[in-house]
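I have placed the structure first, in the form of structure tokens, so that the comments after it can refer back to it.
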Amino acid sequence: MPKVLLVCTANLQRSPTAEDLFENWNGVWHTGSAGTMPFLGRNHLTQQLVDWADLIIVMESHHAEYIQTHFKTNSGKIRVLNIPDRYFRNDPELVKELKNKVTPILETWKPNSPS
């Protein structure tokens, strides 16, 4: 089962919402989430999580830059959604935006596909 890691800053609103929304999506995907600067008690992004993921979906471009600067990974497995940090967890607008942006990525993803 392919694994997708969803990344935001605090791992409090956006990435946990996406993790819950896409877990076992179409019976195919396993999800995880992390933050580059997580809120206390939330998942911190680590090399182990980066290695675990077949695909990394980040909320903003600075998250992709953080990953490429701090971890060893193939930049081709990172996708940027451009979803700003202005939502609360499970906000209906956030859910709608995630569905609109993540679904096409998951539908077309292939292992080792270029960015």
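Read-outs throughout are calculated quantities, based only on the coordinates presented, and are distinct from any laboratory measurement. Every value quoted in this text rests on a predicted model; they were computed, and no experiment measured them. We place every Cβ from the backbone using ideal geometry, glycine too, and count neighbours over all the protein chains shown.
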ask   = Of the residues that sit in the range 1-15 and are in contact with a helix residue (DSSP H, G or I) (Cβ under 8 Å, 6 or more places away or on another chain) and closer than 20 Å to LYS110 by Cβ, which one is surrounded by the most Cβ atoms within 10 Å (Cβ to Cβ)?
value = LEU6
message = Can you tell me which condition ALA18 does not meet? The list is (1) farther than 21 Å from ASN100 by Cβ; (2) surrounded by 21 or more Cβ atoms within 10 Å (Cβ to Cβ), and all the others hold.
response = (1)
query = Pairs, please: C-beta under 7 Å, at least 6 apart or cross-chain, first residue more than 17 Å from VAL4 (Cβ to Cβ) and touching a residue at least 60 places away in the same chain (Cβ under 8 Å) and in the range 79-104, second assigned to a loop (DSSP other than H, G, I, E, B) and β-branched (Val, Ile, Thr)?
reply = ASP85/THR9
